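Engineer: Here it is: the structure, laid out below.
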Amino acid sequence: MPDFDIDNLKKQWQEQPVPDKYNNSEILKMLNSKSRNYVKYIFWISVAEFLLFLVMNIFYVFQKGGDDSFMHIMEKLGVEKTTKFEADYAHLYFIMRVVSLLVTGFFVVKFYLNYRQIHVEENLKKFILQIMKFRKTVSLFILTNILLLVFFMAILTMFVLNTMSSQNLQMDHPTFIGFLVGLGISTAISIFLIWMYYRVVYGIIMGRLGKNLEQLREIEENGEEKL
């Protein structure tokens, strides 16, 4: 019976080639599929937001007036609730909701078109460019919502000042300063809440999409080299 050489056995075992669990082609396919799913998730979230705004607008049609807190502020400033004032505010409030709905609807379509353009079977470089384009669209969507909020606040401020002027009302200096400070704080809080919402809802998905994008870039740089 031959001697049992454990050192030789260990050497032979260590020299045996260990096959890779996945090659670059398989990893690329998985990353592409995951990335496309992340894009799909954001698309459906935007659809849910659009439907929420739509329901709110439909509900508004059957309600009188708009924001009660805003009307309370106007009363504090001494504005008389005339028929013209209430009608003007109702129209302004409705227009702002419609604009918000149209903007969200535009990005829903944009997200859908981006999703349709992303094809797993296409070459890696083109796929990466499509993912980068989608990320820019999401960033633009978030920025647009923030700018839209600032624009609406500016419009409401002009509406308040114009209404007071038409009713021959004037704010004393402390009241005017308080009004501007309150407006600034409300705007800042609203922007922060919007940013936090998108940071949580979209940020998680975008973070994972970003990691996939980095891995795709590594694969592109390494070519067909084994991981």
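Engineer: For segment 26-225, what is the charge dipole size about the Cα centre, in debye to the nearest 20, if Lys and Arg each add +1 at the Cβ and Asp and Glu each add -1 at the Cβ?
Structural biologist: Dipole of segment 26-225, to the nearest 20 debye: 400 debye.
Engineer: Label-point separation (nm) for Phe59 and Lys136, each offset 7 Å from Cα along Cα-to-Cβ?
Structural biologist: Between Phe59 and Lys136, the simple spin-label model gives 3.7 nm.
Engineer: Pulled fully out, how much extra length does the chain show between Thr175 and Leu147, if you take 0.36 nm times their separation in residues and subtract their Cα-Cα distance?
Structural biologist: 7.4 nm
Engineer: Simple spin-label model, 7 Å along Cα-to-Cβ: Met96 to Glu220 in nm?
Structural biologist: Reported label-point gap for Met96 and Glu220 is 4.3 nm.
Engineer: Taking only the alpha-carbon positions of segment 26-225 and ignoring solvent, what does the Debye formula give for the base-10 log of I(q)/I(0) at q = 0.12, 0.19 Å⁻¹?
Structural biologist: Ignoring solvent entirely, the Cα scatterers give -0.73, -1.29.
Engineer: Counting only heavy atoms of protein chains, what accessible area per residue, in Å², does segment 26-225 have with a probe of 1.4 Å? Mind dumping the intermediate values first?
Structural biologist: On the way: 12370 Å² over 200 residues.
Normalised by residue count, the accessible surface of segment 26-225 is 62 Å².
Engineer: Restricting attention to segment 71-178, which trypsin sites (Lys or Arg not before Pro) occupy a DSSP loop and are surrounded by at most 12 other Cβ atoms within 10 Å?
Structural biologist: Here the sparse-neighbourhood loop sites are Lys81.
Engineer: Stretch Ile191-Ala154 to full length: gain in nm at 0.36 nm per residue minus the Cα-Cα span?
Structural biologist: Stretched fully, the Ile191-Ala154 segment lengthens by 11.9 nm.
Engineer: While we're here: Would you work out if segment 122-227 is rounded, prolate or oblate? Take a ≥ b ≥ c from the square roots of the eigenvalues of the alpha-carbon gyration tensor; rounded if a/c is under 1.5, else prolate when a/b is larger than b/c, oblate otherwise.
Structural biologist: Numbers: a/c = 6.18, a/b = 3.69, b/c = 1.68.
Prolate is the answer for segment 122-227, as a/c is 1.5 or above and a/b outweighs b/c.
Engineer: Something else about it: Using a 10 Å cut-off on Cβ atoms, rank the peptides 200-213, 159-172 from the highest mean neighbour count down.
Structural biologist: Numbers: 200-213: 15.9, 159-172: 13.2.
Peptide ranking by packing, descending: 200-213, 159-172.
Engineer: Got a sec? What order do Glu221, Glu49, Glu214 fall in by accessible area at 1.4 Å, biggest, i.e. largest, first?
Structural biologist: Putting Glu221, Glu49, Glu214 in descending order of accessible area: Glu221, Glu214, Glu49.
Engineer: Can you tell me how much longer the chain between Leu161 and Leu113 gets when fully stretched, taken as 0.36 nm per residue apart minus their C-alpha distance, in nm with one decimal?
Structural biologist: Full extension of this stretch gives 13.1 nm more.
Engineer: Could you work out the equivalent-ellipsoid semi-axes for segment 80-175, taking the square root of 5 times each eigenvalue of the Cα gyration tensor, largest first, in whole Å?
Structural biologist: Square roots of five times the eigenvalues give 45, 15, 5 Å.
Engineer: Starting at 0 and stepping by 10 Å, how many percent of the alpha carbon pairs of segment 148-205 end up in each bin?
Structural biologist: Going out from 0 Å in 10 Å bins, segment 148-205 shows 20, 39, 23, 12, 5, 0 percent.
Engineer: Using a 1.4 Å probe over the heavy atoms of the protein chains, calculate the carbon and sulfur portion of the accessible area of segment 26-225 as a whole percent.
Structural biologist: Ligands and nucleic acids excluded, carbon and sulfur give 65 percent.
The values are calculated or read from the model by the stated rules, or taken from the named source; none is laboratory data. Quantities reported herein were computed from a predicted structural model and do not represent experimental measurements. In this analysis, Cβ positions are derived from the backbone assuming ideal geometry, glycine residues included, and neighbour counts consider all displayed protein chains. These area figures cover heavy atoms from the full protein model, side chains too; ligands, DNA and RNA do not enter into them. Shrake-Rupley method; radii C 1.70, N 1.55, O 1.52, S 1.80 Å.
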